[in-house]
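Working notes for the structure below.
The values are calculated or read from the model by the stated rules, or taken from the named source; none is laboratory data. From a predicted model like this one, the values you see are computed outputs, not experimental measurements. Methodologically, a virtual Cβ is constructed for each residue, glycine included, from the backbone with ideal geometry; neighbour enumeration extends over all protein chains shown.
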Amino acid sequence: MQNAENILFTITMIGYFGAMALYFLFVVLKKEQLARAAGILQGAALILHTAALVLRGIAAGRLPMTNQYEFATCFAWALCLVSLIFIRKYRFSVLGVFAMPIIFIIMGYAAMQSRDIKPLMPALQSGWLAFHVSTAIIAYGSFGVSAALSAIFLMRGKLKENGFLDQHIPTENKLDLIAYRSVCLGLLFLTLTIITGAIWAERAWGSYWSWDPKETWSLVTWIIYAVYLHLRLRRGWKGKAAAIFAVIGFVCVIFTYIGVNTFLPGIHSYA
């Protein structure tokens, strides 16, 4: 079962790389067929990715969300799913040019982690695992898409206007709006992540909050995006400043996920 999962994981990475290459060629050659092919390949790779996660879960006898490898591959899965939804909903293939490299890098990070299946430590043997980790995965995926959209926003004003850009890249106002919606989705699920984590922590360790590095940086990330929404709703804060803020927020997300585990070990070091 695990061998089959490893094979599907490898094929998925190849599929994501192929989709990334097609998206880049679409922008360079300006051919619609390449965008459609990239979208189809991304969707097919996502299906294979889902199958790999299912096989991992069957082999482990639990949800595949409890170590660095599993969370990374789930993170990439969520980012792929959310980006594909936005690409289809807004007919925005250029988003794939920015989202697919992030997905491929995260998959590469997952590939470097241990894939050994080990018994869960007592603290992880809880029904709260599914709620806590799945909401974190969706939140991180949404923030990744908002960062990609914000990067496109920041580059859009520097690109020369032509028919191709006008057709395939939304206006700055629309990019700003889509990024805002993605941040809203991410903040909602990050809030649920923190709440379910606190409840789980009280049951596992007897305390709702212990200022563990992972908890602290999750709170920092939440505050950054909460400030983003506050300034937008109360002060009408939009445009370049908001886009830069969204990119900074995602940098904080990456540090919360990778940096904290690498440099600031704590009770969440297993994930």
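If only residues of the stretch 237-255 that are within 15 Å of residue 187 (Cβ to Cβ) and not aromatic (Phe, Trp, Tyr) are counted, the one that is surrounded by the most Cβ atoms within 10 Å (Cβ to Cβ) is 246. The single residue among 188, 120 that is of a type in the set (A, V, I, L, M, F, W, C), under 29 Å from residue 60 (Cβ atoms) and at pLDDT 80 or above turns out to be 188.
Filtered by the rule that a residue be assigned to a helix (DSSP H, G or I) and modelled with pLDDT of 80 or more, the stretch 203-219 gives 213, 214, 215, 216, 217, 218, 219. Please go through the stretch 217-236 and give me each residue that is buried (at least 16 other Cβ atoms within 10 Å of the Cβ) and either farther than 21 Å from residue 144 by Cβ or aromatic (Phe, Trp, Tyr) (or both), ordered by number. Of everything in the stretch 217-236, those that are buried (at least 16 other Cβ atoms within 10 Å of the Cβ) and either farther than 21 Å from residue 144 by Cβ or aromatic (Phe, Trp, Tyr) (or both) turn out to be 217, 222, 225, 228.
Restricting the stretch 60-71 to residues that are surrounded by fewer than 22 Cβ atoms within 10 Å (Cβ to Cβ), touching a residue at least 40 places away in the same chain (Cβ under 8 Å) and not polar (S, T, N, Q) leaves a set whose member that is nearest to residue 27 (Cα to Cα) is 69.
Does residue 43 meet the test of being on the phi > 0 side of the Ramachandran plot, among the small types (Gly, Ala, Ser), out of contact with any strand residue (DSSP E or B) (no Cβ under 7 Å at 6 or more places or on another chain) and surrounded by fewer than 21 Cβ atoms within 10 Å (Cβ to Cβ)? Considered against the rule, which asks whether it is on the phi > 0 side of the Ramachandran plot, among the small types (Gly, Ala, Ser), out of contact with any strand residue (DSSP E or B) (no Cβ under 7 Å at 6 or more places or on another chain) and surrounded by fewer than 21 Cβ atoms within 10 Å (Cβ to Cβ), residue 43 comes out as no. For the stretch 220-245, the set of residues classified as outside any helix (DSSP H, G or I) and more than 24 Å from the chain's Cα centre (by Cα) consists of 236, 237, listed by residue number. Quick check on residue 258: is it modelled with pLDDT of 80 or more, surrounded by fewer than 17 Cβ atoms within 10 Å (Cβ to Cβ) and more than 22 Å from residue 68 (Cα to Cα)? So residue 258 fails the test. For the condition over 17 Å from the mean Cα position of the chain (by Cα), at negative phi and part of a helix (DSSP H, G or I), residue 191 does not qualify.
Among all residues of the stretch 158-168, there is none that is more than 21 Å from residue 52 (Cα to Cα) and under 14 Å from the mean Cα position of the chain (by Cα). Sub-9 Å Cβ pairs linking a first residue in the stretch 12-31 that is basic (Lys, Arg) to a second residue that is surrounded by fewer than 20 Cβ atoms within 10 Å (Cβ to Cβ), at least 6 apart or interchain, are 30/164; 30/168; 31/25, ordered by first then second residue.
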